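Below: one structure, written as structure tokens.
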Amino acid sequence: MAAERSEHDQTELSCVEDSLMSLEKLDRASPDLWPEQSVNEFIAQNLSPNDQSPWLSGLTPDDINQLHQLGNLSMTGLIAEVKKLHDQAYQLGLEEAKEMTRGKYLNIFKHK
């Protein structure tokens with residue numbers, strides 16, 4: 001029974017792989033299309049100030065610098081940053097719980 005199911009799963013996997021196969025030939029000449037400048041430089045030069053993303057409008061230069069630094073991290077570096085942020089959030093939660101308990105004992109939060 002198990003061998004029969006394994007054979008069925010293997011056949012089904014093979015059919016899925018065959019259906020995902022692409023016979024399209026990719027044109028590798030695309031870097032020649034932008035010999036003098038990169039695509040990003042071209043977009044930056046031809047982008048009007050009104051076309052900027054709305055999420056960029058509230059960012060300071062320090063924020064943008066931080067975004068670039070995070071964007072340049074490797075996968076493991078980014079995971080380490082996320083773990084560090086998670087640990088900081090956890091520590092803040094512990095401190096908040098401690099301060100809320102302290103406020104409760106000091107009767108700062110009186111009910112009206």
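A short reminder: the numbers here are calculations on the coordinates, not readings from a lab. Quick caveat: nothing in here was measured; it's all calculated off a predicted structure. Note: ideal-geometry Cβ built from the backbone for every residue, glycine included; neighbour counts use all protein chains shown.
A simple rule links phi to the HN-Hα coupling: the Karplus curve 6.51 cos²θ - 1.76 cosθ + 1.60 with θ = phi - 60°, which for segment 94-103 gives 5, 5, 5, 4, 5, 5, 5, 5, 4, x Hz, with x for Gly and Pro. Amide H contacts for Leu59 (H built 1.01 Å from N in the peptide plane; partners 5 or more residues away or on another chain; cut-off under 5 Å): none found.
First measure r as the distance between the Cβ atoms of Leu59 and Arg102, then evaluate 1/(1 + (r/R0)^6) with R0 = 41 Å and state the FRET efficiency to the nearest 0.05. Kindly include the intermediate steps, with their values, before the conclusion.
Details: r = 36 Å, r/R0 = 0.88.
Once the sixth-power term is evaluated, E becomes 0.70.
Among the chymotrypsin sites (Phe, Trp or Tyr not before Pro) in segment 76-112, those located in a DSSP loop and surrounded by at most 13 other Cβ atoms within 10 Å of their own Cβ are Phe109.
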